[in-house]
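A.B. asks: Pasting a structure here, questions to come.
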Amino acid sequence: MNLGFEKIKIVYYTDPLCSTCWSFEPYIQKFLSEYSLFIDFEIRMGGLLKDFAGLPQLESKSTNSEHLLKLWQSESKKYGIHLESDIWTKKQIKSSFPASEAFCAIQMQSADKADVFLRLLRESLFLLGKDISETAVINTCAMLSNIDFIKFKSDLKSGEALKIFQFQIDERKKDKVRFFPSFVIENSLGERRKIVENPNFNTFHDVINQLEIYFNELTEGRILKKNSLQNPLDILKKYEMLCISELKVLSGLNEKKIQKVIDSAYNDGLLIKEKFGAIIYWKWNQTPYRYKRHRIIDQSVIIGGGICGSFLSSALAITANTALTYERKGELRTGGIGFLLLENGLKALDSIGCKTKAYKKGNPINFFRAIRPDGTIIFEKTLNNCLAISREDLLSILEDGSNEIIEKECMHLIDSNGVNQAVFDDESSSKADLLFVTDGVRSKIRKQLFPNVELREVHQREIVCFVNIPNQKMQEDLFLKVINMDESKGIGFIPLGNDNYIWFLQFSNDLNPIQNSDTETLRSFTIQSIEGFPDYLKRIILASDFSKSFLWISKRMELLPKFHNKNAILLGDAAHPLLALTSQGANSALEDAAIMVSLLSDKGENESIEEIFQEFYDLRKDAIAHYIKEGDLLSADFHDLSVNKNFKLPLSIH
């Protein structure tokens, strides 16, 4: 028997919903890395859960939800990994079949991309608690797998993917597989071995040992095993996110050695740390930002505890620097309902270990569509890296890692021994080496430092509201905008998930003036504006509580000649108010904060704070100037819709 380099075929039966397979993942990946040159590895879907509602009772003394909750909690504790077990009592997975069929559709394009897709599905389920039977979740994972999305949807629609999925289920039945994970191993002569009764094994090591025994039998011991010891950092460069227990399996090193390598890399800003339940996960930092862990300054103060201020506080905490945040009483969660986070904002969140948490609380938006009131499509676009999230949810995520917040309002700055200090409404003052000014669009500090630069109202206005309404026909990952070109009006609908929506009515005050912002005026103006709309969109508007809506008056400002004065630096809306049409207000604020802390953490011994501030301005001025210009163009086009019918995507994505 001369195999030469003939490969052994291994078929792996699994399912996206299989919690044991999630726990087993590092073991099979290690095995594949050790024998990769000699294996033809195929993943097949087993069809674990067709319909949760029709699932027979698994245990006599508890409901299926209770049984699965306890099972996941037990596995999480046993294997040192996270399983978002609460999903079984909050929002049960309806079926694993849609995700399995989608896997087969991607497998038609690339086995490697299908593997990536399966990993993303499992991260969405076991780390984020997302229902992987939902189309929006499947779409998001598919897009992140870098596939031909049009072909993917076509293969699903045509039934080709379903045929492959059904074939895989039929093969599972032929191989008498009842548990996952299970394996069938075959050599070129048709000799086969099966591992199909995993509950008979005490540990995952037993499964791998049996795989190796069969592997050697079918190759007559001709295959040599590669060295299994690997650098944990090299492993993290390959995988999206891993915990220590997984790194132990993949590297072959003990926890103490792994933690030493991890801690050193984290202190150098090379790794990102995220916590799920009681388990810490690590990933390689692929963002542009590095937060080196060393003390930069003795004391800093953040004026304004909104999105930018909260991010700053969290990022500074990573660098082992403390910052006191001063925020107006009762103002922290007001002044905005939610955001569309774009790629630049998401990268910033990723740098402080908050991107995955944002995806857990938020809702991915994969598509944009503009229609006329009668439903005629004007414009469509696929969106990458776009997430809808409420302001309250984003703030709660950022505040988890932030420093102390003090309820005081900063009134102005004073010169104290050649540096700026903040004076508050109780007449106390700060004692800070550094002042981060993030007090928003109507910044008092900006007005003091740059008295000749003014905010100017533009014609655009927005009525914004939040509503919870179940059983809508809205596509869950679609940002829909209805455009009335004749009246230069647009109403956007953004799903936040869990039957929550943000809607906003944009209009030109020159063409459609509104006299005041009382509840009844906003209600009557909005209801008049939705005449001729599809019924399902009207229902969203009519179900809204207009007492909680607000009128946003857009304002613009020219680019400042600089963002700093001595030891005080303006960031976010305080430095550069941007028009809402760009959707860059929150995103640019997050980006500002990420760049600022990254520059500070890399501060040279002889580099002054003012030099860093100037470097920050030089890095940001062109991007901000672009957003200002694009906002002007989008606003002008919107104002003239009734004349030129020129619709453009209402997002500044660059």
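Every number in this text was worked out from the coordinates using simple rules, so none of it is lab data. Quantities reported herein were computed from a predicted structural model and do not represent experimental measurements. As a convention, Cβ positions derive from the backbone with ideal geometry for all residues, glycine included, and neighbour counts pool all protein chains shown.
A.B. asks: Please provide three numbers in whole Å: the alpha-carbon extents of the stretch 342-491 along the principal axes, with the largest listed first.
C.D. replies: Here the Cα extents, ordered largest to smallest, are 64, 38, 27 Å.
A.B. asks: What area, in nm² and to one decimal, does the C-alpha convex hull of the stretch 224-275 cast on average over all directions? Could you put the intermediate results ahead of the total?
C.D. replies: On the way: hull surface 15.2 nm².
Projected over every direction and averaged, the Cα hull of the stretch 224-275 covers 3.8 nm².
A.B. asks: How large is the Kirkwood hydrodynamic radius of the stretch 237-306, counting all unique pairs of alpha carbons, in Å?
C.D. replies: 14.0 Å
A.B. asks: Continuing with the same structure: What's the extension gain from ASN452 to ILE280 if we count 0.36 nm per residue and subtract their Cα-Cα distance? Walk me through the numbers on the way to the answer.
C.D. replies: Values: separation 172, 0.36 × 172 = 61.92 nm, distance 4.94 nm.
Separation in residues times 0.36 nm, less the Cα-Cα distance, equals 57.0 nm.
A.B. asks: Something else: Say each of ASN384 and ASN512 gets a label point 7 Å from the Cα, pointing the same way as Cα to Cβ; how far apart are those two points in nm?
C.D. replies: Distance between the two pseudo-spin positions: 3.5 nm.
A.B. asks: So which of LYS77/LYS256; LYS355/LYS603; LYS90/LYS548; LYS30/LYS173 end up more than 22 Å apart, counting from Cα to Cα?
C.D. replies: LYS355/LYS603; LYS90/LYS548; LYS30/LYS173
A.B. asks: Right, something else. Over the stretch 232-284, what is the mean sequence separation of C-alpha contacts under 8 Å (at least six apart), divided by residue count, expressed as relative contact order in percent?
C.D. replies: About 44 percent, as a whole number.
A.B. asks: I would also like to ask the following. By count of other Cβ within 10 Å, fewest leading, how are LEU581, LEU449 ordered?
C.D. replies: Fewest to most other Cβ atoms nearby, the residues stand as LEU449, LEU581.
A.B. asks: In which sequence would LEU340, LEU480 go, from the one with the fewest C-beta neighbours within 10 Å to the one with the most? If you can, show how the numbers build up before the last one.
C.D. replies: Values: LEU340 23, LEU480 19.
Listing LEU340, LEU480 from fewest to most nearby Cβ atoms yields LEU480, LEU340.
A.B. asks: At ASN202 and ASP602, where each label point lies 7 Å from the Cα along Cα→Cβ, what is the point-to-point distance in nanometres?
C.D. replies: With each label placed 7 Å out from Cα toward Cβ, I get 5.2 nm.
A.B. asks: I would also like to ask the following. Beyond 33 Å, how much of the Cα-Cα pair distribution for the chain remains, as a whole percent?
C.D. replies: 54 percent
A.B. asks: Report, as a whole number in µm² per second, the diffusion coefficient that Stokes-Einstein gives for the stretch 406-480 at 4 °C and 1.567 mPa s using the Kirkwood radius over alpha carbon pairs.
C.D. replies: Calculated translational D: 78 µm²/s.
A.B. asks: If you don't mind, another one. How much of the pair distance distribution for the stretch 6-63 lies past 18 Å, counting alpha-carbon pairs only, in percent? If you can, show how the numbers build up before the last one.
C.D. replies: Numbers: 845 of 1653 pairs.
That fraction is 51 percent.
A.B. asks: Can you spot the aspartates and glutamates whose alpha carbon is less than 12 Å from LYS257's alpha carbon? Ignore those fewer than 8 places along the same chain.
C.D. replies: Qualifying aspartates and glutamates at Cα under 12 Å: none.
A.B. asks: Mind checking which aspartates and glutamates have their C-alpha under 14 Å from LYS381, skipping anything on the same chain fewer than 8 residues away?
C.D. replies: Within reach: ASP477.
A.B. asks: Could you tell me which GluC sites (Glu not before Pro) in the stretch 586-621 are loop residues by DSSP with no more than 13 other beta carbons within 10 angstrom of their beta carbon? Don't jump to the answer; show the numbers that get you there.
C.D. replies: Values: sites: GLU591, GLU605, GLU607, GLU610, GLU611, GLU615; in loops: GLU605, GLU607.
Those satisfying the criteria are GLU605, GLU607.
A.B. asks: Okay, moving on. Once Lys and Arg get +1 and Asp and Glu get -1 on their Cβ, which of LEU571, LEU121, VAL196 lies farthest toward the positive end of the dipole of the chain?
C.D. replies: The residue sitting most towards the positive pole is VAL196.
A.B. asks: Considering every pair of different Cα atoms, what Kirkwood radius, in Å, is found for the stretch 300-641? Provide the component values of the computation, followed by the final result.
C.D. replies: On the way: mean 1/r = 0.0477 Å⁻¹.
Final number for the Kirkwood radius of the stretch 300-641 is 21.0 Å.
A.B. asks: Over 17 Å apart: what share of the alpha carbon pairs of the stretch 260-390 falls there, rounded to a whole percent?
C.D. replies: On the way: 5820 of 8515 pairs.
So the pairs more than 17 Å apart make up 68 percent of the total in the stretch 260-390.
A.B. asks: Between LYS153 and ASP618, with labels modelled 7 Å along Cα→Cβ, what's the label distance in nm to one decimal, could you check?
C.D. replies: Output for this residue pair reads 4.5 nm.
A.B. asks: Same structure again: Determine which lysines satisfy two conditions relative to LYS174: a Cα distance under 18 Å, and not lying fewer than 8 residues away in the same chain.
C.D. replies: Of all the lysines, those that pass the test against LYS174 - Cα under 18 Å, at least 8 places apart if same chain - are LYS9, LYS163, LYS194.
A.B. asks: Separate question: Which order do HIS639, HIS576 fall in if you start with the one that has the fewest other Cβ atoms within 10 Å?
C.D. replies: By the 10 Å Cβ count, ascending: HIS639, HIS576.
A.B. asks: Could I ask something else about it? As an exercise, find the ratio Rg/Rh for the stretch 177-265 from alpha-carbon atoms, using the Kirkwood inverse-distance average for Rh. Walk me through the intermediate numbers first.
C.D. replies: Details: Rg = 16.5 Å, Rh = 15.4 Å.
My calculation puts Rg/Rh at 1.07.
A.B. asks: On full extension of the chain, what length is gained from ASP426 through SER74, given 0.36 nm per residue of separation minus the C-alpha to C-alpha distance?
C.D. replies: The span from ASP426 to SER74 would gain 121.4 nm if fully extended.
A.B. asks: On to the next question. Which trypsin sites (Lys or Arg not before Pro) from the stretch 238-303 combine a DSSP loop assignment with at most 12 other Cβ atoms within 10 Å? Walk me through the numbers on the way to the answer.
C.D. replies: Numbers: sites: LYS238, LYS248, LYS256, LYS257, LYS260, LYS273, LYS275, LYS283, ARG290, LYS292, ARG293, ARG295; in loops: ARG290, LYS292, ARG293, ARG295.
Loop-located and lightly packed - ARG295.
A.B. asks: Using only Cα atoms, figure out Rg for the stretch 8-219 and give it as a multiple of 2.2 N^0.38 Å. Numbers along the way, then the final one.
C.D. replies: On the way: Rg = 17.1 Å, N = 212, 2.2 N^0.38 = 16.8 Å.
Here the Cα radius of gyration is 1.01 times the empirical estimate.
A.B. asks: Using DSSP to define loop residues, name the GluC sites (Glu not before Pro) in the stretch 216-281 whose beta-carbon has at most 14 other beta-carbon atoms within 10 Å.
C.D. replies: When the GluC sites (Glu not before Pro) of the stretch 216-281 are filtered for loop state and at most 14 Cβ neighbours within 10 Å, GLU220 remain.
A.B. asks: What helices does the chain hold that run 20 Å or longer along their axis, going by alpha-carbon atoms, with a Kyte-Doolittle average of 0.5 or more, using DSSP H for the helix calls?
C.D. replies: 585-601
A.B. asks: Next question. What does the helix-only formula give at 222 nm for the chain: each DSSP H stretch with n ≥ 4 adding -39500 (n - 2.57), the total divided by the residues, and the result rounded to the nearest 500 deg cm²/dmol?
C.D. replies: -12000 deg cm²/dmol
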